[in-house]
1. Which one is nearest to Asp126 (Cα to Cα), of the residues in the range 387-413 that are more than 11 Å from the chain's Cα centre (by Cα) and modelled with pLDDT of 90 or more?
2. Which residue pairs have Cβ atoms under 8 Å apart, sit 6 or more places apart or on different chains, and have a first residue in the range 584-610 that is in a helix (DSSP H, G or I) and a second that is open to solvent by less than 40 Å² (accessible area, probe 1.4 Å) and of a type in the set (Asp, Glu)?
3. Mind telling me which of the residues Ile345, Ile370, Ile351 ends up being touching a helix residue (DSSP H, G or I) at 6+ places or on another chain (Cβ under 9 Å), more than 23 Å from Arg280 (Cα to Cα) and open to solvent by less than 10 Å² (accessible area, probe 1.4 Å)?
4. Criterion first (under 22 Å from the mean Cα position of the chain (by Cα), in a helix (DSSP H, G or I), crowded, with 16+ Cβ neighbours inside 10 Å and among the small types (Gly, Ala, Ser)) does Ala443 satisfy it?
5. Mind listing whichever residues of the range 300-323 are over 32 Å from the mean Cα position of the chain (by Cα) and surrounded by fewer than 14 Cβ atoms within 10 Å (Cβ to Cβ)?
6. If the requirement is being without any contact (Cβ under 8 Å) to a residue 40 or more places away in the chain and either within 30 Å of Leu63 (Cα to Cα) or surrounded by fewer than 20 Cβ atoms within 10 Å (Cβ to Cβ) (or both), which of these qualifies: Gly362, Gly389, Gly398, Gly393?
7. Can you tell me which residues in the range 96-117 are of a type outside the set (Gly, Ala, Ser) and open to solvent by 20 Å² or more (accessible area, probe 1.4 Å)?
8. Identify the single condition in (1) open to solvent by less than 10 Å² (accessible area, probe 1.4 Å); (2) part of a helix (DSSP H, G or I) that Ala190 does not satisfy, given that it satisfies every other one.
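The values are calculated or read from the model by the stated rules, or taken from the named source; none is laboratory data. The model shown is predicted, which means the values in this text are computed figures rather than measured ones. Don't worry about glycine lacking a Cβ; one is built from the backbone with ideal geometry, like all the others, and counts go over all protein chains shown. We work out accessible area using only protein heavy atoms, side chains counted, and drop any ligands, DNA or RNA first. Shrake-Rupley method; radii C 1.70, N 1.55, O 1.52, S 1.80 Å.
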Amino acid sequence: MNRTFLLLAAVLLTAAPATAATLEDARAAYGLFDVNRAETLYREVAADPKASAKDRAAASRELARIAWLADADATKAAAILAASLPGDPDPCPAAQLRLRILNELSPTAPLPADAAALADKCVATDPGVALEGVRRFQLSAMQAPDRVRVAKDGLANLAALPEDARLTTQGTALQLALGLLAGDASAAIAGWRDWFWLKAGEGAPSAIGFDPAKVTATFTRGLAATSDPVAAFDLADLLVRAGFYRDARGYAERQGLAKVGGPRWQRLAVYFDFRDAIDREILAHDRLYARKGATEEEAYEKRLTAIVEGAAAKIDPKGKPMEVLGAAFGLFGTEPGRTNGVAGIHLGHVIVDEKQHTAQDGREGDIRFILLDNMVHNSFSGWLQDGGGQPGGWAVDGATIVQVRQPYRTGIDTWTRAVVPGPAREKLLAEIETQRPTDRVIAVAAGKEAAFLPGVRNRLRLAGLDGLAAQVRGRLKPGEDFAGAFRGAYWDTMVAYSITAHEGRHVLDQASYTGDCTLGNAELEYRAKLSEIRFATSPRLAFASIFSPLLGGTSGHGIANKRLIEEIVAWMAVNRGAVAAYDPAQTALEQLDRLTDAQLVAITTALDRAAITGPPCPAR
């Protein structure tokens with residue numbers, strides 16, 4: 001089974017041949033799943049004295065990642081990073097990767113001499129370095145006889161980090177895990193609430209399958225010094241439903257739930273055994289595919305199917321496997337199949353399952369929105385890119401949209417640091433300035449055609465987020481933290497334009513245009529993107545998601561993106577006087593970020609009117 005997935009504004013492009021390998025060549029090969037070729041190119045770049053120090057260090061970092069991920073050779077990977085870090089002009093990404101690898105080798109072994117200094121240096125721009133240091137306490141506590149003391153030390157170290165670091169995906173996960181290990185209900189609850197961005201009065205996400213009003217009591221009773229088996233099972237079940245597999249398993253082991261036995265343990269054991277089996281199967285396949293390609297895809301699909309069906313049969317032999325696992329553990333996903341030609345599965349834990357109502361220009365409709373968190377797996381590409389290339393979601397049918405939280409959440413973590421004064425913002429602004437010459441070359445070569453300019457997209461996104469940050473600051477109540485409020489607002493804004501507006505427009509158009517007047521995919525996507533901008537609370541932020549490398553080609557998204565951007569550029573060319581600080585020495589494409597929110601809404605509204613008042617049966 002092949003699948004089409006929602007895009008995260010990324011596209012894989014083959015690089016043109018060059019006399020010397022470049023970092024872009026290597027990344028392109030890796031993005032096309034040619035790991036062996038990418039490794040060769042990365043080695044050439046890392047050894048090329050003519051390459052910049054930044055590119056050589058980045059190539060070494062990716063060589064280490066390949067050794068660690070594809071070959072399971074953590075020792076080799078750590079050695080590569082140890083050799084490249086001293087000459088790395090931007091050492092934070094490599095420092096974080098090195099600590100991840102060293103933690104896997106031994107969380108109790110002494111750290112390199114420069115680890116503490118790098119953690120301090122990077123905390124404002126790349127807090128993952130310091131958080132990996134905290135993670136050592138978590139991993140050590142899991143093995144230590146004095147578990148509680150080690151976990152409490154970890155909580156103290158986490159509390160000493162800046163608020164933004166604590167509220168990242170990794171920071172909140174560590175807060176929850178260390179709270180559980182320390183038997184500290186208050187700490188665990190804080191991690192739980194921050195992980196899900198819960199607001200006052202909310203105990204759990206809406207679709208987690210657990211009474212939100214009982215969450216606090218469940219943590220408190222489950223972590224009490226004299227916790228009874230019923231309370232322990234309640235907490236273990238809650239952690240499983242939310243997808244905190246390793247935390248749930250460790251907690252169940254510490255509570256001796258296997259010895260208690262009974263139906264509740266039997267159900268937990270099904271989930272733990274299922275995760276053991278499918279995690280092991282997926283990792284073995286992905287490592288094999290990384291090095292040898294498609295050698296056993298059909299057999300692998302059958303093994304995945306057997307694991308899913310076997311787990312479901314232990315609970316309800318007569319039920320449909322995915323539905324059984326959903327009812328028992330909150331799981332939802334695809335059947336095993338192919339994504340971008342590679343076999344795999346997309347499976348995670350449901351935290352939102354709701355009907356979203358959309359009303360646009362006198363038409364109304366509903367979509368079902370499912371949000372998945374704590375994925376069991378989300379494609380080979382997601383694993384190969386170390387989490388960076390995973391799909392952001394998919395459509396089940398015309399009115400059901402599934403979104404994966406993690407890819408979007410990672411971006412939110414990064415951009416939250418960029419909307420406040422400090423090193424992260426300064427680093428981004430400096431990077432944007434270095435992108436201007438490249439943008440210029442690309443824009444001039446493109447002429448009147450649309451082309452992707454990375455600096456322009458960064459400026460668009462930052463402008464949109466600065467506006468959103470101002471709104472959040474204006475709404476903050478005494479005692480509320482900005483970082484947490486901004487993350488929630490950013491997420492709500494993205495869902496509103498990418499799901500409610502965009503996918504809602506699909507539902508409306510598919511209901512309105514039927515039979516001989518059915519709209520083609522490219523036209524559907526074009527109109528949905530118009531709605532994204534028109535109905536967004538931050539139109540520039542919505543436009544930044546559309547202005548991506550996916551321009552033209554044969555996909556509906558690419559065709560629609562190119563058409564819309566060229567129409568906006570054409571408007572700017574004839575309305576220069578309306579665009580603030582318009583520079584006639586530059587192309588309009590280079591100045592897309594000069595458009596205001598109001599202008600973007602006005603332009604797309606006019607384009608939308610032209611689209612819907614055109615021929616009764618638009619070209620398909």
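1. Checking each candidate, the answer is Val402.
2. Listed pairs, sorted by first residue: Glu590/Asp439.
3. Among Ile345, Ile370, Ile351, only Ile351 is touching a helix residue (DSSP H, G or I) at 6+ places or on another chain (Cβ under 9 Å), more than 23 Å from Arg280 (Cα to Cα) and open to solvent by less than 10 Å² (accessible area, probe 1.4 Å).
4. no
5. Selection gives Pro317, Lys318.
6. After applying the criteria, what remains is Gly362.
7. Residues satisfying the conditions are Gln96, Arg100, Leu102, Glu104, Leu105, Thr108, Pro110, Leu111, Pro112, Asp114.
8. The number of the failed condition is (1).
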